[in-house]
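In what follows, a single structure is set out as structure tokens and then discussed.
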Amino acid sequence: MNNNLVELSRDGEIAVILINNPPVNALGAGVPEGIAEAIEKFVQDSQLRAAVLMGAGKSFVAGADIKEFGKITSGQRAGSGLGRLLSKLEECPKPIVTAIHGSAFGGGLELAMATHYRVASPTAQVGQPEVKLGIIPGAGGTQRLPRLAGVAKAVEMCAEGNPINAADALQYGIVDRLIDGDLQLGAAEFAREIAEKPAPQTRARSERLGSPEENAQIFAVARQNARAKQRNMAAPLAAIDAVEAATTMPFEQGCEYEQKRFIECLFSEQSKALIHVFFGEREVAKIPDVPKQTAVLPVSSVAVVGAGTMGGGIAMVFANAGIPVLLKEVDQPALDRGLANIRKNYDYSVSKGRLTQQAAGKRLALIQPTLRFEGFSDVEMVVEAVFEGMELKKQVFAELDRVCKRGTILASNTSTLSIDEIASATSRAEFVIGTHFFSPANVMRLLEIVRGRATSKEVIATCMQLSKKLGKVGVLVGNCMGFVGNRMFGPYRREAQFLVEEGAPIEAVDQALFDFGMAMGPLATGDLAGLDVGWRIRKEHGHLQALGLRQPFAEDKLCELGRFGQKTGAGWYKYDGHRRATVDPAVAALMREWSTQAGIPPRDISAEEIVDRCIYGLVNEGARILEQGYALRATDIDIIYLYGYGFPAYRGGPMWYADRVGLDKVYDRICEFHRQFGAHWEPAPLLKELAAQQKTFSDFQSERGAAA
Ligand code: T1G
């Protein structure tokens with residue numbers, strides 16, 4: 001064998017072909033060639049009666065090498081290039097058994113389906129996650145999977161991209177046997193059993209391809225679901241078309257159709273954005289000055305101070321990860337309310353079948369309510385989630401400094417306040433950090449980890465690693481007002497209010513951003529979070545607002561009328577008992593009255609202007625944050641907006657989106673707004689500089705990375 005990516009060994013009359021391309025055995029350059037050569041040797045060797053194909057390390061094969069997609073989009077390579085290898089495997093005269101452990105994803109599952117039999121360890125997972133990269137399977141997955149698992153399961157797996165576990169893979173006929181214990185031994189034993197049998201080719205199977213009548217219904221429902229759940233995304237619909245082709249075209253023709261749609265998707269903006277997100281999710285975990293080998297502190301027990309909406313949700317996050325939690329409140333009624341909320345959330349998950357009653361009971365048992373700081377001396381981390389006021393937080397941290405043992409991490413869930421000032425209330429600033437969860441904390445995946453001036457590298461490394469264990473995407477940010485997410489959200493929501501003050505209908509502002517792909521419009525988001533939250537912060541920090549700068553009045557006036565949003569049944573919209581929103585003409589009338597009083601003449605405003613002002617408000621502030629160093633990379637900002645603020649992943653995040661539009665165009669548009677609307681649209685110096693140099697935020701990121 002000329003490369004060590006694929007090793008061939010013998011277990012008696014069984015060949016063992018081992019793919020060894022760490023970390024995830026991606027089918028990068030040299031791997032398909034190595035497999036083809038091994039198969040050639042296997043076929044030539046008359047002693048060998050069957051073969052087992054498996055992966056070294058923690059997983060079978062995670063698919064094609066995503067890093068090599070550039071070779072296709074730059075024209076160096078025509079397609080996935082896997083088709084020929086898979087035909088070679090399928091047409092092999094001697095049977096090949098694929099043995100799956102860990103993940104068989106994308107090209108990995110396609111490889112397995114092209115062999116004659118598949119066995120798996122009980123913990124294995126299989127899937128076609130390509131749509132999450134904005135593409136579709138490109139090596140026969142949409143043609144072979146329906147032949148093995150049936151049309152309905154295949155269309156679900158290819159259009160939604162979620163993996164299934166080994167038991168389901170067995171049930172749907174994707175794998176032929178589950179192997180407990182040593183996988184290689186079990187697979188070799190299976191291979192001996194089938195060695196004399198004919199090698200069944202998946203391509204030749206049609207018994208599970210259903211009838212046109214049955215399939216019509218399946219595809220109609222799948223398209224409806226894709227349009228609803230994967231709004232505006234092209235790949236899921238392309239995947240459905242390709243699986244449909246498997247039911248209407250001969251195998252080879254179906255593969256050609258799949259390849260055509262695969263290439264079409266791969267060259268799309270959506271795919272570029274989603275691949276940026278894939279690597280971005282992994283890059284945010286890398287902190288240049290906190291190396292991988294930095295010591296992490298144990299976190300096997302925690303305490304949460306405050307059982308309100310956030311505190312209760314945070315306690316659930318730790319309990320869901322199997323970590324016992326002390327949950328403290330100031331009085332019994334508040335504690336009871338907090339626990340009742342937690343129980344309600346678990347009951348809801350059980351009612352939705354997301355959790356068994358037993359599992360919910362186990363998690364609830366890990367949450368120990370208390371009214372005292374007793375027991376705090378034993379925990380390894382405390383998360384403070386009390387009311388958003390500096391004095392109160394400093395009191396709590398002073399108390400924690402007194403009762404907690406040295407080495408306990410003291411974290412604050414503050415969403416706006418200075419971590420350094422909170423830390424100044426303790427004698428251990430190096431153990432103080434911000435862990436900003438997003439509401440509902442037990443659902444939202446983002447965790448903004450706020451680094452204080454004195455926060456130690458060990459504490460940072462511990463929280464970054466812990467975020468993964470908690471099922472969160474942890475992003476490290478600097479300690480400025482509102483950190484990264486909320487600081488950028490200010491200009492975004494400011495513009496939304498200004499647009500209404502200038503005459504845009506409330507529902508038109510929300511619809512424009514919803515059509516752009518945001519999970520929810522900015523005004524409806526305000527109603528969900530509670531308009532009073534921002535109102536109180538503005539009142540607390542009014543003295544910080546720059547003089548002479550135009551400030552929106554809309555939400556302050558709504559709050560003065562007690563319209564805090566969903567929680568009071570009325571905000572920008574009015575809400576029924578199920579929190580369903582309806583447009584409230586009374587608010588539109590109030591807005592016209594207030595705008596007239598403010599001397600703001602109404603005008604017609606296009607959806608394009610609405611989107612540009614809100615999104616470029618994000619980008620401009622993001623550029624400031626980047627140049628001031630409160631975010632390590634533009635990618636970090638993108639990941640924050642995807643996981644914390646419902647920014648559409650297929651647009652890559654606000655900074656990626658701006659790069660794709662072209663920073664010169666974004667800069668010009670912001671200058672236009674600056675001239676038209678005033679100083680609050682002052683372009684960020686970094687944006688001006690990059691636009692002038694025809695550069696991108698990604699360029700700035702790599703240059704800064706290279707300099708670090
Ligand atoms: N290609 C290149 N690099 C990959 C990769 C891949 N397919 N999968 C992972 N990596 C890198 C990743 O960037 C990270 O790098 C390291 O491996 C560890 O990954 C023809 C066209 C398998 C569940 O979409 O879902 O096949 O940061 O941190 O948490 O039809 O990786 O260390 O430098 O995620 O244990 C379809 C993608 C491809 C699966 C493991 N396959 N991978 O999770 O480790 S398209 C996928 C994953 C395709 C065919 C089409 C996960 C994992 P670094 P990690 P993990």
- Message: Taking every DSSP beta bridge with both residues inside the stretch 297-400, roughly what % is antiparallel (nearest 5)?
- Response: 0
- Message: Need one number for the stretch 551-661: average projected area of the convex hull over its C-alpha atoms, nm².
- Response: 9.4
- Task: For each of H101, H436, H680, count neighbouring Cβ atoms within 10 Å of the residue's Cβ, then give the residues from fewest to most.
- Result: H680, H101, H436
- At q = 0.14, 0.16, 0.18 Å⁻¹, what is the log10 ratio I(q)/I(0) for the stretch 333-477, with the Debye formula run over Cα points and no solvent? -0.73, -0.95, -1.16
- Can you give the FRET efficiency for D289 and E399, using 1/(1 + (r/R0)^6), R0 = 35 Å, r = Cβ-Cβ distance, to the nearest 0.05? 0.65
- Could you grab the relative contact order for the chain? Cα pairs under 8 Å, six or more apart, rounded to a whole percent. 9
- Message: To the nearest 20 Debye, how big is the dipole of the stretch 367-505 about its Cα centre, given +1 on the beta carbon of each Lys and Arg and -1 on that of each Asp and Glu?
- Response: 440
- Message: Multiplying the sequence separation of Q693 and K58 by 0.36 nm and subtracting their Cα-Cα distance, what value in nm do you get?
- Response: 224.1 nm
- Note on the structure: The helix 309-320 Cα axis meets the longest alpha-carbon principal axis of the chain at an angle in degrees, between 0 and 90 and rounded to 10, of 30
- Note on the structure: Which residues qualify? For V450, with a placed amide H closer than 5 Å and at least 5 residues away or on another chain, they are G434, T435, H436, V477
- Message: Assuming 0.36 nm per residue, please report the length gained on full extension of the stretch E214 to S377 beyond their Cα-Cα distance.
- Response: 52.4 nm
- Coil-residue trypsin sites (Lys or Arg not before Pro) of the stretch 269-368, DSSP, other Cβ within 10 Å capped at 15: K286, K292, K352, R354
- Query: 222 nm [θ] for the chain, helices only, -39500 (n - 2.57) per DSSP H run of 4+, per residue, to 500?
  - Reply: -15000 deg cm²/dmol
- Item | In the stretch 593-638, the trypsin sites (Lys or Arg not before Pro) that fall in loop regions by DSSP, at most 11 other Cβ within 10 Å | R603
- Could you give me the percent of Cα pairs per 10 Å distance bin for the stretch 668-708, shortest bin first, beginning at zero and ending with the bin that holds the maximum distance? 28, 41, 23, 8
- Item | Spacing of the two label points (7 Å from each Cα toward its C-beta) at A519 and L549, in nm | 2.8
- Message: What percent of all Cα-Cα pairs in the stretch 353-401 falls into each 10 Å bin, going from 0 up to the bin containing the maximum distance?
- Response: 18, 39, 26, 15, 1
- Message: Just to be sure I understand the model, the point goes 7 Å from the Cα along the line to the Cβ. What's the resulting S46 to A340 distance in nm?
- Response: 8.3
- Item | Full-extension gain in nm, R580 to E7, via 0.36 nm per residue minus C-alpha separation | 200.3 nm
- State which stretch of the chain is the longest one without any exposed GluC sites (Glu not before Pro), exposure meaning a DSSP loop state and at most 10 other Cβ atoms within 10 Å. 208-708
- Given 10 °C, 1.306 mPa s and a Kirkwood radius over Cα pairs, the Stokes-Einstein diffusion coefficient of the chain in µm²/s is 57
- Task: Translational diffusion coefficient, Stokes-Einstein: compute it for the stretch 1-99 using the Kirkwood radius over C-alpha pairs as Rh, at 20 °C and 1.002 mPa s, and state it as an integer in µm² s⁻¹.
- Result: 153
- Message: In whole Hz and in residue order, list the ³J(HN,Hα) couplings for the stretch 161-168 that follow from phi through the Karplus curve 6.51 cos²θ - 1.76 cosθ + 1.60, θ = phi - 60°; x for Gly and Pro.
- Response: x, 8, x, 10, 7, 4, 4, 5
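Every read-out reported here was derived from the displayed coordinates using simple, explicitly stated rules and does not represent laboratory data. Every value quoted in this text rests on a predicted model; they were computed, and no experiment measured them. Virtual Cβ from ideal backbone geometry, glycine too; neighbours counted across all protein chains shown.
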